[in-house]
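**Student:** My structure is below; once you've seen it, I'll send some questions.
The values are calculated or read from the model by the stated rules, or taken from the named source; none is laboratory data. Please read all numbers here as calculations on a predicted model, not as lab measurements. Cβ: placed from backbone, ideal geometry, glycine included. Neighbour counts: every protein chain shown.
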Amino acid sequence: MLISSEDGAGEILAANADTRFYDDVRCLSADWAVHHESSAAFVHLRDGGWIDARSATYARSASARTAMGSGLVAFAMAEQARAADRSGRSLTWDEVLTLTGDER
């Protein structure tokens, strides 16, 4: 997959398959259920670098232009996510995985 923006970018590294690339955290989280047992997921931090998806904190930023429009971006610290989130909250990876429908 072509990654058009680093905002929301991610990847799943599987021990028994090719690396899968994502241009939106929403797509990564939707695909995680199929791959989580023998894989690791990483997301691109809003301020640069990569982090394990389970360690990141997420925000729905009004200024983020993610490929699929979720606006979900990753931060290393909850304070950063809350400051960037349009509702002033942060989400854990487990919370991102439970988002459904329009919440994503």
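**Student:** It is to be established whether one or more residues within the stretch 16-26 are part of a helix (DSSP H, G or I), in contact (Cβ under 8 Å) with a residue 12 or more places away in the chain and of a type in the set (Val, Ile, Thr).
**Tutor:** Scanning the stretch 16-26 turns up at least one residue that is part of a helix (DSSP H, G or I), in contact (Cβ under 8 Å) with a residue 12 or more places away in the chain and of a type in the set (Val, Ile, Thr).
**Student:** Tell me yes or no: at least one residue of the stretch 63-77 is out of contact with any Cys (no Cβ under 8 Å at 6 or more places or on another chain), buried (at least 18 other Cβ atoms within 10 Å of the Cβ) and either assigned to a helix (DSSP H, G or I) or among the basic types (Lys, Arg) (or both).
**Tutor:** Looking for residues that are out of contact with any Cys (no Cβ under 8 Å at 6 or more places or on another chain), buried (at least 18 other Cβ atoms within 10 Å of the Cβ) and either assigned to a helix (DSSP H, G or I) or among the basic types (Lys, Arg) (or both), one finds none in the stretch 63-77, hence no.
**Student:** If I filter the stretch 30-61 down to residues being within 16 Å of PHE75 (Cα to Cα) and small (Gly, Ala, Ser), which single residue comes out as surrounded by the fewest Cβ atoms within 10 Å (Cβ to Cβ)?
**Tutor:** Only one residue fits best here, namely GLY48.
**Student:** Being in contact with a His (Cβ under 7 Å, 6 or more places away or on another chain) and at pLDDT below 85 is the filter here; which residues of the stretch 12-61 pass it?
**Tutor:** ALA14
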